[in-house]
Amino acid sequence: RKVVFDSKAQIDVRMTYKHGTDLAVASRLSRIMIDNNLVDTGKAQSAIPNYNEWVQSLSEYTAQSVEQITGLPDDVLTRAAERFARDADRFVIVGNDILDTGQGEEILNALLNLCTLVQHGSTGSVSVYPPREHCNSQGVNDMGCTPEFLPGYQSINDASALERFAGELGPLSLGETNLAGDLFQNCINGSLKFLFIAGEDPVQSYFKPQLVKEALRTVPFLVVTDVFMTETAEMADLILPTSTFAEKEGTYTNMSRHVQRLTSAVIPQGSSKPDFDILIELADALGKPFKNKDISSVQQEISNVSPAYKGVFPGDKSVQWVPDSTNTAPKFHNNNNGVEQNNNGGGYPFTLQTNNHMFHIGSYTQHAKALVDIGPECIAEIHPDDAKSLGIGTGDQIVVESSAGKVEVKVKTSRVTSKGMVYIPKNWTNVPVSSLRNGEEGLINVKISKSG
């Protein structure tokens, strides 16, 4: 099917609202659908056990309260709700800027609620797509690199899943506490004695850089495998040089649940080795050798222990993974936070928004010549009206200051940025935006002045 992306395409409803009020928008859309009978509420109530409890949690999202905090008139939201409730295939694409709000999980849950609700009363598919920053972020999560899950999103307390893993890997040794749940804090308090970091620079990318640095200084033994000498690698006791994507084999898993094969284009350069080989050699050196030591055997192991990955690896009979809908009953996620407010006071009249610039997603992409040619430096953006009131013009250096710290950065004016906001690309090593946060999640209020 031919797909055309047209920036001039007709838009049915445009909703431009205040940064950080996404939760109110999504929740109000659900309430409008219920109040205006745009969905079959009786069907939803009988199908989903906690329907009434969830509806009660939406009581605060009145037309008046939501317009006050979002700036969106209720007639615009109503038109959007009516359009979304029609028979159609619907896709909700979510930017990662929702993480700035400190309510990323709540916002995603509210969108899932909306998608679950609209299925009761209309036909067509409905999906939420939160784009991932890295090409294999989805695969990393699928393989269990989250504290509470085994590979394939199987609970660490699932007896049948543990039995499958034990049958494939041998007896399992599970601790009583999950030290990975608060990784860096557990390094500081002495609970963790060893840390292995692969292909990540948390000193630059994590929103609590001071906590990370303290943890890495405190942990008795730190191993880093990486392609570049990052700030994190500089703190390591042992550095193991790894290979780039072009020098290794494996797979990528994308958001549409396709598993794609990766083959090496060149042999590893210098003393570097693929991560796969590094882990195998480490296991041998520690006296705990892996049973499977080639890509195909490991893929078979994954299929054996993770039902979600059975048959999905590239091959003649590979399939696209589709979740088994019979395993999980639909459920609404209650919003217990109430209507959020963003108070730009205390001498800090601007709201800070951070995100990636183009495909610059951290200290790594600053080694990519093509990206550096397109975006060679960190440049903040503010609305022309705000710039005029501050006596600032494109190309000036400005100081952006919060209650926690300040950074200096070049600025340009842009009508893409809303009034009362300042946008600064994140993860530039020379503009440490995370220093404005003081290790806190949520919206940050700042003030702006011309440098010098």
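Structural remarks
- Considering residues of the range 189-215 that are surrounded by 18 or more Cβ atoms within 10 Å (Cβ to Cβ) and over 24 Å from HIS134 (Cα atoms) only, the residue modelled with the highest pLDDT: ALA215
- Members of the range 426-439 found to be out of contact with any helix residue (DSSP H, G or I) (no Cβ under 8 Å at 6 or more places or on another chain) and surrounded by 14 or more Cβ atoms within 10 Å (Cβ to Cβ), listed by number: VAL431, VAL433, LEU436, ARG437, ASN438
- Going through (1) at pLDDT below 95; (2) surrounded by 15 or more Cβ atoms within 10 Å (Cβ to Cβ); (3) farther than 25 Å from THR230 by Cα one by one, VAL399 falls short only on (1).
- The range 128-137 - residue that is under 24 Å from LEU23 (Cα atoms) and either of a type in the set (A, V, I, L, M, F, W, C) or not in a loop (DSSP other than H, G, I, E, B) (or both) and, of those, nearest to the chain's Cα centre (by Cα): TYR129
- Any chance LEU150 is under 30 Å from GLN366 (Cβ atoms), surrounded by 11 or more Cβ atoms within 10 Å (Cβ to Cβ) and at pLDDT 90 or above: no
- In the condition set (1) under 30 Å from PHE332 (Cα atoms); (2) in contact with a Ser or Thr (Cβ under 7 Å, 6 or more places away or on another chain), ILE188 is compliant with all but (1).
- Scan of the range 353-384 for residues that are hydrophobic (A, V, I, L, M, F, W, C), in a loop (DSSP other than H, G, I, E, B) and crowded, with 17+ Cβ neighbours inside 10 Å, ordered by number: ILE361, CYS378
- Residues of the range 46-71 classified as of a type outside the set (Ser, Thr, Tyr) and in a helix (DSSP H, G or I), total: 12
- Evaluation of ARG28 against (1) assigned to a helix (DSSP H, G or I); (2) free of Cβ contacts under 8 Å to residues at least 24 places away in the same chain (one fails), failing number: (2)
- For the range 166-190, the set of residues classified as of a type in the set (A, V, I, L, M) and either farther than 25 Å from ALA236 by Cβ or touching a residue at least 40 places away in the same chain (Cβ under 8 Å) (or both) consists of ALA166, LEU169, LEU172, LEU174, listed by residue number.
- For the range 52-84, a tally of residues being over 28 Å from the mean Cα position of the chain (by Cα) and farther than 19 Å from THR21 by Cβ returns 4.
- Within the range 85-127, considering residues that are of a type in the set (D, E, K, R), surrounded by 15 or more Cβ atoms within 10 Å (Cβ to Cβ) and in a helix (DSSP H, G or I), the one farthest from the chain's Cα centre (by Cα): GLU106
- Residue count for the range 362-391, restricted to those that are touching a His at 6+ places or on another chain (Cβ under 7 Å) and of a type in the set (A, V, I, L, M, F, W, C): 1.
- Counting only residues that are surrounded by 15 or more Cβ atoms within 10 Å (Cβ to Cβ) and under 30 Å from the mean Cα position of the chain (by Cα), the range 262-278 holds 9 of them.
- If the condition is being surrounded by 14 or more Cβ atoms within 10 Å (Cβ to Cβ) and not small (Gly, Ala, Ser), then the range 128-145 contributes VAL128, PRO130, ARG132, HIS134, ASN136, GLN138, VAL140, ASN141, ASP142, MET143.
- Residues of the range 404-419 satisfying the condition of being under 25 Å from THR70 (Cβ atoms) and out of contact with any Phe, Trp or Tyr (no Cβ under 6 Å at 6 or more places or on another chain): THR413, SER414, ARG415, VAL416, SER418, LYS419
- Taking (1) surrounded by fewer than 14 Cβ atoms within 10 Å (Cβ to Cβ); (2) of a type outside the set (Asp, Glu); (3) under 16 Å from ALA198 (Cβ atoms) in turn, SER296 satisfies each apart from (3).
- Pairs meeting the criteria (first residue in the range 414-425 and assigned by TED's automatic domain parsing to the domain that holds THR354 and under 17 Å from TYR348 (Cα atoms), second residue surrounded by fewer than 17 Cβ atoms within 10 Å (Cβ to Cβ) and among the hydroxyl-bearing types (Ser, Thr, Tyr), beta carbons under 8 Å, at least 6 apart or on different chains) are SER418/THR16; TYR423/SER414.
The values are calculated or read from the model by the stated rules, or taken from the named source; none is laboratory data. These numbers were taken from a predicted model, which means no experiment stands behind them. Cβ atoms come from the backbone with ideal geometry, glycine included; neighbour counts cover every protein chain shown.
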